[in-house]
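The values are calculated or read from the model by the stated rules, or taken from the named source; none is laboratory data. Since the model is a prediction, treat every value here as computed from it, not as a measurement. Ideal geometry is used to build each Cβ from the backbone, glycine not excepted, and the neighbour counts take in all protein chains shown.
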Amino acid sequence: MRDPATVRMLGLLQPVCAERGMPTTVAVEIAEEGISGWQLAEQLTLPAELIEGMFVNHTLYGLGHTVMPGDRVALVPYGTPGPHRVYLGLYEAGLENRQERAGAGDSEEDRQDG
C-alpha cells in the first residue's frame, strides 16, 4: 500500500475548509503515477484560483507540478504579504498558474501558433 500524501491548507484557505467542515490537514491517497496540483485541488474541492503555489517536500512549485504518494504538501493561497511572495517564489508560481489556466482554453494549434 502506498503512503498517502499529507496536504495542509494554509492562510486564507483555512476559512474555506472551515466553511466546508473540512480539516486543514488531510491525508490524500495519490495514484502511483501522481497527480498535478490542479487535480489535487479539484479532488479536495478547493477553488484552484485561490491557490498561488504549493510547497511539495519543502520546495515551492506551481499547480502544474506532480504530487506523488507520500509527499508532504502545503497549499498556499494568494494573499501572502509583501516581499515574501517574491523571496519564497510565490509570485513566479502564481504567474505560472495563471499562464497554465489561460492556456487551458486554447487548442493545441493555438498554442503552437502563439
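Do you know which of the residues in the stretch 1-47 that are of a type in the set (D, E) and under 23 Å from N97 (Cα atoms) is surrounded by the most Cβ atoms within 10 Å (Cβ to Cβ)? Break it down stepwise before answering.
Restricting attention to the stretch 1-47, the residues satisfying the condition of being of a type in the set (D, E) are 3, 19, 29, 32-33, 42.
Narrowing the set further to residues that are under 23 Å from N97 (Cα atoms) leaves 33, 42.
On the way: E33: 8, E42: 13.
Per the stated criteria, the residue is E42.
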* To do: Note down all Cβ pairs under 9 Å where the first residue falls in the stretch 1-26 and is on the phi > 0 side of the Ramachandran plot, the second is at pLDDT below 95, and they're at least six residues apart or on different chains.
  => G11/V76; G11/P77; G11/Y78; G11/G79; G11/T80
